[in-house]
Amino acid sequence: PSGKCPVFGKGIIIENSNTTFLKPVATGNQDLKGGGFAFPPTEPLISPMTLNGMRDFY
């Protein structure tokens, strides 16, 4: 939700990393640097969600 996320509406450049905003965060015993920035997998998938997925879901 807008207003609660410190990066909402901002551009972020990830340097020296092979991760993306589409890859889920590290969970369990996964190396923290091996994770991305998306929510952990959920059912239904919350993040990342395609535009068509949002239209269908909401």
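Throughout, read-outs are computed from the coordinates displayed, never taken from laboratory work. This is a predicted model, so every value here is computed, not measured.
Computed from backbone phi, the HN-Hα couplings of the range 25-30 come to 4, 5, 9, x, 8, 5 Hz, rounded to whole numbers (Karplus: 6.51 cos²θ - 1.76 cosθ + 1.60, θ = phi - 60°; Gly and Pro given as x).
Here's how it looks for residue 38: its modeled amide H is under 5 Å from those of 23, 25, which are all 5 or more places away or on a different chain.
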